[in-house]
1. So the check is Cβ under 6 Å with 6+ separation or different chains; which pairs have a first residue in the range 187-202 that's farther than 18 Å from ALA240 by Cα and a second one that's charged (D, E, K, R) and surrounded by fewer than 20 Cβ atoms within 10 Å (Cβ to Cβ)?
2. Restricting attention to the range 245-260, does a residue exist that is of a type in the set (Phe, Trp, Tyr) and more than 25 Å from LEU156 (Cα to Cα)?
3. Among the residues of the range 143-161 satisfying the criterion of being modelled with pLDDT of 95 or more and of a type in the set (A, V, I, L, M, F, W, C), which is nearest to ALA199 (Cα to Cα)?
4. Please determine whether any residue of the range 150-159 is on the phi > 0 side of the Ramachandran plot and loosely packed, with under 15 Cβ neighbours inside 10 Å.
5. For the range 146-153, check the following and say yes or no: at least one residue is under 21 Å from SER207 (Cα atoms), in contact (Cβ under 8 Å) with a residue 12 or more places away in the chain and basic (Lys, Arg).
6. Among the residues of the range 25-68, write down those that are among the hydroxyl-bearing types (Ser, Thr, Tyr) and part of a helix (DSSP H, G or I).
7. Out of the range 76-90, which residues are buried (at least 23 other Cβ atoms within 10 Å of the Cβ), closer than 15 Å to PRO304 by Cβ and either more than 15 Å from the chain's Cα centre (by Cα) or free of Cβ contacts under 8 Å to residues at least 40 places away in the same chain (or both)?
8. From the set of residues in the range 2-34 that are farther than 19 Å from ALA300 by Cβ and β-branched (Val, Ile, Thr), which is least open to solvent (accessible area, probe 1.4 Å)?
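The values are calculated or read from the model by the stated rules, or taken from the named source; none is laboratory data. The structure presented is a predicted model; accordingly, all values stated were derived computationally and were not measured. Reconstructed Cβ throughout: ideal geometry from the backbone, glycine too, with neighbour counts over all protein chains shown. Surface accessibility is based on the protein's heavy atoms, side chains included, excluding ligands, DNA and RNA. Shrake-Rupley method; radii C 1.70, N 1.55, O 1.52, S 1.80 Å.
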Amino acid sequence: MRYVQTTGKLASSVVQADPEPLPEGHVRLAVAYVGVCHSDLAAVAEGEGDFPRRLGHEVSGIVTDSAAVDRPPGTRVAAYVSYGYASEIVVPAARTVVLHRDCSLLDGALAEPVACVIGGLEMLSFREYQRVVLVGTGFMGLLALRYLTALGHRVLVIEPRAGARERAGQWGADVVVHPDEVDDRMRRTQPIVIEATGAAAGLNLASDLVGTDGTLGILGYHQSNGGARTVDMQSWNFRALRVVSLHNRSTDNILTWMDRAQRSAALGFICPSLLVDRRVNLDELPDVLTGKHEHDAIKAVLCPDADQEPQANR
């Protein structure tokens with residue numbers, strides 16, 4: 001088997017290894033797809049974590065060997081692990097979700113980020129508001145937009161990149177504007193604002209829009225500068241903001257939401273595969289992780305054998 005290993009800041013390579021043993025209650029997966037998450041790119045860029053380190057947590061595959069009664073060989077699954085950048089992996093069966101027959105392996109791999117959106121947004125109450133403001137429409141922001149619009153919400157999107165603004169319009173945004181076009185009358189008036197940038201500027205803009213007794217939901221994953229952010233706490237105090245971190249890392253919850261995410265894709269409601277605009281193989285992935293191949297993809301995915309991609313994504 002082969003896997004990608006990070007050995008330090010901006011250092012990543014492919015390793016050849018013997019197959020791992022298969023403990024009781026585990027399954028061996030032939031990895032089909034792994035989403036390349038920006039949190040992994042940031043971890044490699046900033047040298048975060050203990051090294052050597054394996055990454056990759058948006059995974060789908062096919063069971064090739066099983067020591068779990070309810071996951072026989074041939075079962076298509078999504079897996080919630082942290083070492084998915086590989087040709088094959090051994091996973092506890094309890095950390096897998098069996099895919100609906102109409103969910104592709106590509107949508108199955110991206111069930112984890114959709115699960116994060118489901119779990120995060122459902123921490124908020126927005127049913128009584130005519131409009132939700134969403135700041136940032138990268139991959140996670142677009143998934144949040146899709147979720148909100150699938151429920152019929154009117155969403156005002158604020159996004160600096162032209163391509164992302166165009167995609168936001170295609171994915172159902174009611175209004176799409178550049179940050180420089182934000183009407184000053186919007187500031188400190190909005191009842192609910194969701195920040196999905198993961199950047200200081202996006203967080204500052206989002207918080208500046210929230211009105212008195214309003215809610216700021218932080219969906220962006222803030223890693224730059226060690227995650228440290230400076231906020232106008234006096235202003236937050238005076239407006240009595242409700243600030244909600246929309247990140248839930250309970251394994252049981254994530255697996256439940258992943259099941260909902262893959263069923264949503266199977267039924268055609270939220271299909272994250274539509275946002276995939278770059279595919280790489282194992283040999284190409286280290287250069288992607290270390291920033292040697294610059295790209296402006298909305299979502300890149302690893303397909304370990306890109307030249308022999310799983311037929312029809314199944």
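1. Close Cβ pairs (under 6 Å, with a partner that is charged (D, E, K, R) and surrounded by fewer than 20 Cβ atoms within 10 Å (Cβ to Cβ)) amount to ALA200/ARG229.
2. Step one: filter the range 245-260 for residues of a type in the set (Phe, Trp, Tyr), giving 257.
Applying the additional criterion that residues be more than 25 Å from LEU156 (Cα to Cα) yields 257.
Checked against the condition, which is being of a type in the set (Phe, Trp, Tyr) and more than 25 Å from LEU156 (Cα to Cα), the range 245-260 yields at least one hit.
3. Filtering the range 143-161 for residues that are modelled with pLDDT of 95 or more and of a type in the set (A, V, I, L, M, F, W, C), the one nearest to ALA199 (Cα to Cα) comes out as ILE158.
4. Taking the range 150-159 as the starting set, the residues that turn out to be on the phi > 0 side of the Ramachandran plot are 152.
Right, trim to loosely packed, with under 15 Cβ neighbours inside 10 Å and you get 152.
Yes - at least one qualifying residue is present in the range 150-159.
5. To start, the set of residues in the range 146-153 that are under 21 Å from SER207 (Cα atoms) comprises 148, 153.
Filter once more, keeping what is in contact (Cβ under 8 Å) with a residue 12 or more places away in the chain: 148, 153.
Narrowing the set further to residues that are basic (Lys, Arg) leaves none.
No.
6. The answer is SER39, and nothing else.
7. TYR85, ALA86, ILE89
8. So in the range 2-34, the residues farther than 19 Å from ALA300 by Cβ come out as 7-9, 11, 15-30.
Applying the additional criterion that residues be β-branched (Val, Ile, Thr) yields 7, 15, 27.
Details: THR7: 77, VAL15: 34, VAL27: 1 Å².
Looking at residues that are farther than 19 Å from ALA300 by Cβ and β-branched (Val, Ile, Thr), I get VAL27.
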